[in-house]
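Step one of this worksheet: look at the structure below.
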Amino acid sequence: MRRKKIRKQRVVLRRKRRDELKVHARSVIYRSMAAVLAAGFVLGMLTHGDAYLYRFLQAHTPLISLKAPQALMSVPFDNELPRRKVLLWIPGVGARVEARLKVRYSQIKEVQFQRLPAQNRIVVIIEPRKPIVRWNDSGMDGEGVIFAMPPGAWSQLPRANVTATIPKDLLGRWFAELGQIPEFWNEVAAIRDDRHGNIIFDLKTGAQVTWGGPDFRGSRTKASTLCSVLKDAHEHLGGMAAADLRFFDEGRIIVRPKTVRS
C-alpha cells in the first residue's frame, strides 16, 4: 500500500518566516538606536553638563518631511508633533502621534514614520481614507468609518442614506464587497432602506433593486446574476423598472419590466 504524501507548504512558511525576521530585525535596530542615543546622552551629560544637552539635541533633531495627498495638506500636522522633535526617533512616540491624528482627523487612515538616521531625517507618510460611498456630506470607507470630504469631491460615488440600525462597519465592508463587482456597482446611483430594513439600490437607469439585508455569503453571485437579468431585460423587455432579490436563495428573482408587451 502506497503511503499518501503530505503536502508541505514550504514556500508559504519560508515567506512567513522571512517576514517575521524582517519585523524582528527592524525592532532590534530601533531599540539599539534608542539605546545608543540614550547612552551617549547620559555620558555627555555626566562629562559636559547642560552645554552638551543643547548640542546633543541640536545634532540629533531630525528634519521632518511630509508626504500626503493634497486633500490632507490642510491638516495642522506640526501641532501634533512633540516640541522636542528628537523624541520622534523613539517608535512609541510616533505611535502616540498617529493615534492623536486619527482621533482628531477621521479622514486619516494611517500614519507611518520612515526613519532615516543616516540623513538625520524622518519622512511622515499620511494615508487618507478612500470613500466607497457618499454619506450625506461626508464619505464612508470600506471599514464603515464616516469622515469629512471636500465639497464636490467623489461626486461619481453612490449616495447612501441608510437609516436602519445596521452597524456602520458591517455596511462599509458589504459596500466594499459589492464594489469588487464593477458591472453592478458602477450602475448604482443611490442606496437607501425601506421601513422593513431592506436595502434598496437605485440604479442610474432609473431601475429600483430591492436587495434585502446585507449578506456577504452570496453577494457576488447575487450581483452577477442580477447583471445578467438586467442585460436580458434590456435586450428583450425594453429595460427593467424594478427587481426583487429577497427570494434569491429560493431560486427566484422578481422582475418588473419598463413596458409590458400585449
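The values are calculated or read from the model by the stated rules, or taken from the named source; none is laboratory data. These figures come from a predicted structure and were not determined experimentally. Here the Cβ positions follow ideal geometry from the backbone for every residue, glycine too, while neighbour counts run over all protein chains shown. Please note that ligands, DNA and RNA were not included when accessible areas were found on the heavy atoms of the full protein model with its side chains. Shrake-Rupley method; radii C 1.70, N 1.55, O 1.52, S 1.80 Å.
Numbers below:
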item	result
Answer residue from the stretch 208-223, given it is open to solvent by 30 Å² or more (accessible area, probe 1.4 Å) and either among the polar types (S, T, N, Q) or assigned to a loop (DSSP other than H, G, I, E, B) (or both) and is nearest to ARG252 (Cα to Cα) among those	THR221
The stretch 177-189, subset of a type outside the set (Asp, Glu) and open to solvent by 30 Å² or more (accessible area, probe 1.4 Å), residue farthest from GLY218 (Cα to Cα)	ALA189
For ILE200: the one exception among (1) surrounded by 16 or more Cβ atoms within 10 Å (Cβ to Cβ); (2) part of a loop (DSSP other than H, G, I, E, B); (3) without any contact (Cβ under 8 Å) to a residue 24 or more places away in the chain	(2)
Any chance THR205 is more than 30 Å from GLY238 (Cβ to Cβ), surrounded by fewer than 17 Cβ atoms within 10 Å (Cβ to Cβ) and polar (S, T, N, Q)	no
Verdict on PRO82 being assigned to a loop (DSSP other than H, G, I, E, B), touching a residue at least 60 places away in the same chain (Cβ under 8 Å) and out of contact with any Gly (no Cβ under 8 Å at 6 or more places or on another chain)	no
All positions within the stretch 88-128 that are over 25 Å from the mean Cα position of the chain (by Cα) and either among the hydroxyl-bearing types (Ser, Thr, Tyr) or surrounded by fewer than 17 Cβ atoms within 10 Å (Cβ to Cβ) (or both)	LEU116, PRO117, ALA118, GLN119, ASN120, ARG121
Segments classed as helices (runs of 4 or more DSSP H), wholly inside the stretch 88-192, with at least 2 members that are touching a strand residue (DSSP E or B) at 6+ places or on another chain (Cβ under 8 Å)	91-104, 168-178
